[in-house]
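The next block holds one structure in the form of structure tokens; read it before the comments.
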Number of protein chains: 2
Amino acid sequence: MGQTPDWVKQLKPSGAQGHELLAAERAGSNIPVQQLEELLHTKEVIERKHKLLSILKAEKVFDKSQNYFMGRTDRFERALAREKRLRILKRQHNWNLEEFRQATELIGEPGPYGLHDSMFKVTLEGQGTAEQQEKWLTKANDYKIIGCYAQTELGHGSNVRGLETTATWNSDDKTFTIHSPHLTASKWWIGSLGRTANYAVVMAQLIINGKSYGPTPFCVQIRDLKTHEPLENIHIGDIGPKFGYNTMDNGFLLFNQVKVPHISMLAKYSHVDPKTNKFQRRGSPTLVYGTLTWVRSTIVMQAGSVLARGVTIATRYAAVRRQFQDRDAQAGEAETPVLNYTMVQIRLLPLLAATFALHFTGKSMMDMYQENQKKVQNAGEEAKKSSRGAGPEETNAGSDLLADLHASSCALKSLSSSIAAEGLEVCRRACGGHGYSSFSGIGPWYADYLPTTTWEGDNYMLTQQVARYLLKSARSVLNNEKPTNDTTAILTEFHKRRTIGCAFDIIGSNEDLVAAFAWRVSFLTFEASKHRDEQKKAWNDLLVDFYRLSKAHAQWMVVKNNLSALKKIEAEGKVGKETLDVLMKLFRLFALHTLEQEGSEFYASGACSKLQIQLARTQAVMQLLKDIRPHAVRLVDSWGFDDWVLDSSLGREDGKVYEDMFYRASELNPLNRITVDPYPDSDVLFKRVEKAKL
Amino acid sequence: MGQTPDWVKQLKPSGAQGHELLAAERAGSNIPVQQLEELLHTKEVIERKHKLLSILKAEKVFDKSQNYFMGRTDRFERALAREKRLRILKRQHNWNLEEFRQATELIGEPGPYGLHDSMFKVTLEGQGTAEQQEKWLTKANDYKIIGCYAQTELGHGSNVRGLETTATWNSDDKTFTIHSPHLTASKWWIGSLGRTANYAVVMAQLIINGKSYGPTPFCVQIRDLKTHEPLENIHIGDIGPKFGYNTMDNGFLLFNQVKVPHISMLAKYSHVDPKTNKFQRRGSPTLVYGTLTWVRSTIVMQAGSVLARGVTIATRYAAVRRQFQDRDAQAGEAETPVLNYTMVQIRLLPLLAATFALHFTGKSMMDMYQENQKKVQNAGEEAKKSSRGAGPEETNAGSDLLADLHASSCALKSLSSSIAAEGLEVCRRACGGHGYSSFSGIGPWYADYLPTTTWEGDNYMLTQQVARYLLKSARSVLNNEKPTNDTTAILTEFHKRRTIGCAFDIIGSNEDLVAAFAWRVSFLTFEASKHRDEQKKAWNDLLVDFYRLSKAHAQWMVVKNNLSALKKIEAEGKVGKETLDVLMKLFRLFALHTLEQEGSEFYASGACSKLQIQLARTQAVMQLLKDIRPHAVRLVDSWGFDDWVLDSSLGREDGKVYEDMFYRASELNPLNRITVDPYPDSDVLFKRVEKAKL
């Protein structure tokens, strides 16, 4: 490494330097970056970030310079080393959970302890008895055992009831036999399992005396605590390379008639009485839906910030990168920063707007979750008495709030993670050729994020749950029941006005703009209701409509929450008038751009006229792009990503894009250590490869 | 490897086996796969494929089993070894160019000789004098020298005129000095340069006596032919890892005042007279636009087959993978193959339709290109006399055909590569969780294909050229000029009918369906013309409209070519009535699904009514999905991908999805060779990582 000759080291980029260009961008706007950053993250979190970053950056194990070059095995080993070091630092610095989580987030790579710290411990806490917690949780907290959560199987993803792994009660010796009867029963995709974990919570079909009692969690040792080799009749391994997430050892796991003691079955809510050999329920798990709702709400919250990383990189680079002159430019003018091109603006600025919209929506979801936590807990308790295992939308009225929150979290998880994932790819492509380089920092980040669109509820599957909820809500409105939440309120309003229609001033009024979104989702809900409940169409024939319906519902919630958040910010005077004005423009850009993209639905619903949609596209959106453009760099600055976190040549805060690209390629790239024999006929290299052990 | 215990090896997937499920799918349709495959590829090409595959599969160097596991350096070295071996096989088997190209395609990975065989040699052929060809081309053909084509620079992508590398004529010693004055002048992204090439065609600004004569090609030696080390004052290296394309050594290249002899400047069309020290033009390069048009046409042609790989994998897996029961199903029914879900069908089947539509369109483009080659050559000769360097759309009438073909190739390149790239990602996600595994075969293929959306004309930039052409066509129609091609014909027709409108039966008539696409693009063209030519709007403010316009134009060409191809097939009786019927349904699915997606534009143009668009969506498209569904597996079979080519667990022809996934993870995965120390406090691993040299 480091063989760059001196004459190269002396070279600088031509023309205006990156730092000068970004300085000019920042001088052209008066958005108070720090104030806006505090609004997004709070002062406390920002200060904590700086403190943590200074600790992490000083540790050699967290050095990122080889991240983009390492192969799978090296990356995984390094990720494990980082996980370990982080836990030692936690102890040394006496970090609380918040600090520890933030440090993990700053490192920003999926790590091999991931499932130990989350699902393994959460399940022991939530479903283990005091005795079981004493036995395992204590050790897990001290990392004396490392666990994972083994549910998904090779042949079975989302459908838990289809799991094939069995746990058969042996009444003679009071044990369970865990067994994988088929290849498709192999646990698969299990995070932290492939190389790291020595314990697993295994979801298996409980069988007593030939009768199945459904999926049940067992805590099972899978590897030797000293040699770390798999125990007898257990086959474990890593499932291989993936599109992203390669620092995690997602694994497989098979059991060949493995006997485990009675205590293995997590028994807080159900157990097998060893005396009677009977299954006994002790109530059912509380708040399973509540937990899922919480997890999905965090995904909504994160989506804004995940996307903001890509938008930050692409926006800064678009301000530095110059290409061609505007066709209307005078001869001799310098090349134009690509951020000036409307074709670049129309791709990046609505995404910039989306980062804020998703952030405010996620925040409001978290607030709602916390506010309703108690009510939900009560409702949940009621629900489980009346309807075990059923989705909350089918339980009694007491769980209305939970049901609404649950449906909202499904719809928003689906929409927000799709916006973030697809948005990151748009950002990557907006960087042109250099977007393909790993040094852009977007590609690897995108690949690691992508599974979010599938896990915690596949983004397509989830929309069915939203549709079920909306269909139920429509029925309640048609039955003249009183509105109990926002959703039934807008449906009732629509139903009342269905014969006289609406007249929303979508360009002139923010409230009307939100109302148009409500109108459209209401229209689609009653259409779906007509198809399913009146015309008795097959469920399967309506899945595409349901997907659109859920998307419409989520988009309405995003614009609604975005506007409410801004009104609250205005009322509290948290930012100045000018900043609020730009934030309001971002709201309008997101809303009008979405409306225009979904134009035919808005038009079909009667929420707006053809002319309004055309005006939104050709006038309003284009004007908003112009208005927001000067603030773009300061707006991404306010997300506050440290260069160390971004790890991107293109997104550097100081604009030294080309210097950094070149440094990484010329100084850090290990491929440049090898010298090849380039000729086909001298077969030195060929022989070497052929000899290599595979 | 190979530590899978015997009890695991005996396990089979549960329920109906993959091969049974695919056999049932194939039994449920009577599409004659072989006949359709011959229609797509011709019998000759299919036979050649089988012959080549049997040779390639027998060679150990082409063994793919470690492809998905290898790190960058290993993959690159292996790719180079394959490139070498392929050239030895070519000689051994006396392959002609067609055979050699097909073999390369079957291997299916970007290789380090890529730019040597294409642009390096093409440029020497096209722009070198006889003397220069004698000097370099002969050696290049024998791989005595290995070349690349160095145009793009770190700070300059598409804009060739902005290149910074200089070649200054030294009148005293009759040499050129090649120099990189700035860091941004570094050649960048140059395929085959990073490690492999020892020669480069370098595009540099020619400077004679202080005056610049624009970008000019030079053939320059860059590495020692024996040691393979860079020559003095030349700095070369690989630019580092990328989102895909990592078997290629894209490189950088800098010159520090490097003197090269007079012969280095490729002098077929211009040279520096060493006696007078004057620049002399000898005519200008013929058919530069012709070549670009040809390259873009091949991209259109390939797009169908590129996408078909993903569609094949996803469709077969969707027939094997079962998940949940249909909500309307009776209790106790088996889980449903996900291909039965309309939400899966709406994602996969329009893409299946697109593979055929793009294939037929690409074929017709290639035919047109070849048919017009002579006319174009004449027109090109005329054009260059009148307007050196200008785009063909600005030259005189003689080049009308070329201009139309050029614009079509731009529009179609942009649309088709976007459809293929985005479609592959849709296919990957339609595979659910397993889609993320590299073993799906889609992710790596997608990543390698993705740069196609940026190179040979960025998919966004290209649309400006299409818009320019359409604006010019609109002007000619407004000037009452006679239509000279299809584009001006539809514009003339629209203009004639603009006051009386249209009444297309888009659901009932295929011709009307195509006419609706023509109507919409005509409407958008005259709108653009109004904005630019009448209202004098800024070019930059119209870029978004231009993008839509180009897309509309390309979509019209695809449906038009698709329908013509089917009519021709019908007339020639090449396939039976039933097959033709299914192909026609695929045409209708692609067209109606596209129409519905772009509904608001069709509606705004008056090409169809709101009701028609609604019917297209809720009735016609849904019915087409139902009709095509039973033929899906046979339709993808007819693309004829060999398992060795697909290299996909999910897409196996025999449906042994789970067996193959498991085999690769358990037997081939090198990560499973390492045993880690899982505890944070025993810091063995940590110390090892920290000590590792970076």
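The values are calculated or read from the model by the stated rules, or taken from the named source; none is laboratory data. Just so we're clear, the structure is a prediction, and the values are computed from it rather than from any experiment. Note that each Cβ is placed from the backbone with ideal geometry, even for glycine, and that neighbours are counted across all protein chains shown. Note: areas computed on protein heavy atoms with side chains; ligands, DNA, RNA excluded. Shrake-Rupley method; radii C 1.70, N 1.55, O 1.52, S 1.80 Å.
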Would you mind stating whether A:Leu97 is away from chain B (no Cβ under 13 Å) and hydrophobic (A, V, I, L, M, F, W, C)?
yes
Can you name the condition, by its number, that B:Trp136 falls short on among (1) in a helix (DSSP H, G or I); (2) within 13 Å of chain A (Cβ to nearest Cβ); (3) surrounded by 16 or more Cβ atoms within 10 Å (Cβ to Cβ)?
(2)
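Within region A:35-54, track down each residue that is assigned to a helix (DSSP H, G or I) and either without any contact (Cβ under 8 Å) to a residue 40 or more places away in the chain or in contact with a strand residue (DSSP E or B) (Cβ under 8 Å, 6 or more places away or on another chain) (or both). Reasoning before the result, please.
Of all residues in region A:35-54, those assigned to a helix (DSSP H, G or I) come to A:35-41, A:43-54.
Once the filter is applied, which keeps residues that are assigned to a helix (DSSP H, G or I) and either without any contact (Cβ under 8 Å) to a residue 40 or more places away in the chain or in contact with a strand residue (DSSP E or B) (Cβ under 8 Å, 6 or more places away or on another chain) (or both), region A:35-54 yields A:Glu38, A:Lys43, A:Glu44, A:Glu47, A:His50, A:Lys51, A:Ser54.
Conditions (1) closer than 30 Å to B:His19 by Cβ; (2) away from chain A (no Cβ under 11 Å), marked per residue:
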| site | (1), (2) |
| --- | --- |
| B:Met557 | no, yes |
| B:Gly573 | no, yes |
| B:Glu578 | yes, yes |
| B:Arg588 | no, yes |
| B:Glu596 | no, no |
| B:Leu611 | no, no |
| B:Ile628 | yes, yes |
I'm told B:Leu124 meets every condition in (1) in the same structural domain as B:Gln221 (by the TED database); (2) surrounded by fewer than 18 Cβ atoms within 10 Å (Cβ to Cβ); (3) among the hydrophobic types (A, V, I, L, M, F, W, C) except one. Can you identify the failing condition by its number?
(2)
Pick from region A:474-494 the residues that are in contact with a Leu (Cβ under 9 Å, 6 or more places away or on another chain) and under 12 Å from A:Val521 (Cα atoms): which of them is modelled with the lowest pLDDT?
A:Thr487
Starting from residues that are open to solvent by 50 Å² or more (accessible area, probe 1.4 Å) and under 30 Å from B:His631 (Cα atoms), keep the ones in region B:1-27 and report whichever is modelled with the lowest pLDDT.
B:Gly15
From the options A:Gly655, A:Gly651, A:Gly606, A:Gly599, residue that is open to solvent by less than 10 Å² (accessible area, probe 1.4 Å) and assigned by the TED database to the domain that holds A:Ala308
A:Gly599
Only one of A:Leu86, A:Leu106, A:Leu154 that is surrounded by 17 or more Cβ atoms within 10 Å (Cβ to Cβ), more than 30 Å from A:Thr184 (Cα to Cα) and within 12 Å of chain B (Cβ to nearest Cβ):
A:Leu86
For A:Asn562, work out the one condition from (1) within 19 Å of A:Met366 (Cβ to Cβ); (2) open to solvent by 10 Å² or more (accessible area, probe 1.4 Å) it doesn't fulfil.
(2)
Can you tell me which residue is surrounded by the fewest Cβ atoms within 10 Å (Cβ to Cβ) among those in region A:517-559 that are out of contact with any helix residue (DSSP H, G or I) (no Cβ under 7 Å at 6 or more places or on another chain) and closer than 19 Å to A:Met461 by Cα?
A:Ala538
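A quick yes/no check of all residues on (1) open to solvent by 50 Å² or more (accessible area, probe 1.4 Å); (2) within 14 Å of chain A (Cβ to nearest Cβ):
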position	(1), (2)
B:Ile31	no, no
B:Leu40	no, no
B:Leu56	no, no
B:Asp74	yes, yes
B:Ala81	no, yes
B:Gln102	no, no
Does region A:479-486 include one or more residues that are hydroxyl-bearing (Ser, Thr, Tyr) and out of contact with any Cys (no Cβ under 8 Å at 6 or more places or on another chain)?
yes
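How many residues are aromatic (Phe, Trp, Tyr), within 15 Å of A:Tyr113 (Cβ to Cβ) and in contact with a Phe, Trp or Tyr (Cβ under 9 Å, 6 or more places away or on another chain) when one looks only at region A:63-83?
Narrowing region A:63-83 to residues aromatic (Phe, Trp, Tyr): A:68-69, A:76.
The next check asks that each one be within 15 Å of A:Tyr113 (Cβ to Cβ); those that pass are A:76.
Next, from what is left, pick out any that are in contact with a Phe, Trp or Tyr (Cβ under 9 Å, 6 or more places away or on another chain): none.
Residues flagged as aromatic (Phe, Trp, Tyr), within 15 Å of A:Tyr113 (Cβ to Cβ) and in contact with a Phe, Trp or Tyr (Cβ under 9 Å, 6 or more places away or on another chain) within region A:63-83 amount to 0.
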Can you tell me which condition A:Gln66 does not meet? The list is (1) more than 9 Å from every other protein chain (Cβ to nearest Cβ); (2) within 30 Å of B:Gln66 (Cα to Cα), and all the others hold.
(1)
If we keep just the residues of region A:224-277 that are in contact with a strand residue (DSSP E or B) (Cβ under 7 Å, 6 or more places away or on another chain) and of a type in the set (Lys, Arg), which is farthest from the other protein chains (Cβ to nearest Cβ)?
A:Lys259
Can you tell me which residue is modelled with the highest pLDDT among those in region B:325-345 that are closer than 18 Å to B:Ala632 by Cβ and more than 9 Å from chain A (Cβ to nearest Cβ)?
B:Leu339
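Checking the conditions here, which among A:Ala407, A:Ala411, A:Ala353, A:Ala390 is at pLDDT below 90 and either assigned to a loop (DSSP other than H, G, I, E, B) or in the same structural domain as A:Asp486 (by the TED database) (or both)?
Numbers: A:Ala407 fails: at pLDDT below 90; A:Ala411 fails: at pLDDT below 90; A:Ala353 fails: at pLDDT below 90.
After ruling out the rest, the residue left standing is A:Ala390.
Quick one: in region A:260-270, which of the residues that are part of a strand (DSSP E or B) and at pLDDT 95 or above is surrounded by the most Cβ atoms within 10 Å (Cβ to Cβ)? Can you show your working first?
The first filter runs over region A:260-270 and keeps only residues part of a strand (DSSP E or B), leaving A:260-261, A:265, A:270.
Now drop any that are not at pLDDT 95 or above, which leaves A:260-261, A:265.
Working: A:Val260: 18, A:Pro261: 10, A:Met265: 24.
Of everything passing the filter in region A:260-270, A:Met265 is surrounded by the most Cβ atoms within 10 Å (Cβ to Cβ).
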Given the conditions (1) part of a loop (DSSP other than H, G, I, E, B); (2) within 22 Å of B:Ala665 (Cα to Cα), report the number of the one that A:Tyr143 does not fulfil.
(2)
Can you find a residue that is of a type in the set (S, T, N, Q), more than 19 Å from A:Gly433 (Cβ to Cβ), open to solvent by 10 Å² or more (accessible area, probe 1.4 Å) and touching a helix residue (DSSP H, G or I) at 6+ places or on another chain (Cβ under 7 Å) anywhere in region B:439-450?
no
